[in-house]
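Working notes for the structure below.
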Amino acid sequence: MPRAVQSALVLILSGACGPLSKPMVDRPSAESQKIIDSSWDNMLSPRDRLAHQLLLDVVTANQLHQIGVDRLSLRSEKSIRGGLIVMEVNYDRARPDADEFVIRCVDSNGKETRRERYSRAEVEESLKRIIGPGPSAVNSAKLTEQERHEQERLRTEHEEFERRLQAATQPASS
């Protein structure tokens, strides 16, 4: 079975939906934010308007635990040989430039040995690279020779990128 298929199966079988689909919170448009704010006011006016289960169902169905919030902090940890990986997503609707995704490596003594900070722009650019060039909206028969070559070049680059992603999760070569 090809490794890409194995990886996809692991993600599907493990229910890899998680609290976020990427290490960053989406910023709704101003109009969407107004609707979200109004929804919260409606749901909790009066405060006990929605029963226990209905409140959970509405928040879950609409992902209101992460969409349209004013601030969100998510911390996850992964134990690795010789230490710990700590990942944090920080979001503040009032301070878009402060949105960040941080990956820290901590040794077994609690000392930080590596820290990488990614801005919203870096996360969004990474997602574009991962998704790659989508299928052309134009019928391929209508493309010029140059456009077909460019599409093929982009596809080839993306396939190489996917191979590098896969190799990064394998043991390092000596």
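Can you tell me how many residues within segment 77-123 are surrounded by 14 or more Cβ atoms within 10 Å (Cβ to Cβ), under 16 Å from the mean Cα position of the chain (by Cα) and small (Gly, Ala, Ser)? Count: 1. Within segment 47-98, the set of residues being over 19 Å from residue 20 (Cβ atoms) and assigned to a helix (DSSP H, G or I) comprises 52, 53, 54, 55, 57, 58, 97. Of the numbered criteria (1) loosely packed, with under 10 Cβ neighbours inside 10 Å; (2) modelled with pLDDT of 90 or more, the one residue 172 fails is (2). Picking from residues in segment 46-63 that are of a type outside the set (A, V, I, L, M, F, W, C) and closer than 20 Å to residue 32 by Cβ, the one that is surrounded by the fewest Cβ atoms within 10 Å (Cβ to Cβ) is 60.
Looking for something closer than 30 Å to residue 30 by Cα and either surrounded by fewer than 15 Cβ atoms within 10 Å (Cβ to Cβ) or at pLDDT below 95 (or both) - is there at least one such residue anywhere in segment 135-144? Among the residues of segment 135-144, at least one is closer than 30 Å to residue 30 by Cα and either surrounded by fewer than 15 Cβ atoms within 10 Å (Cβ to Cβ) or at pLDDT below 95 (or both), which makes the answer yes. Every condition in (1) within 18 Å of residue 20 (Cα to Cα); (2) hydrophobic (A, V, I, L, M, F, W, C); (3) assigned to a loop (DSSP other than H, G, I, E, B) holds for residue 103 except the one numbered (3).
The values are calculated or read from the model by the stated rules, or taken from the named source; none is laboratory data. These numbers were taken from a predicted model, which means no experiment stands behind them. Here Cβ is always computed from backbone atoms with ideal geometry, including for glycine, and neighbour counts include all displayed protein chains.
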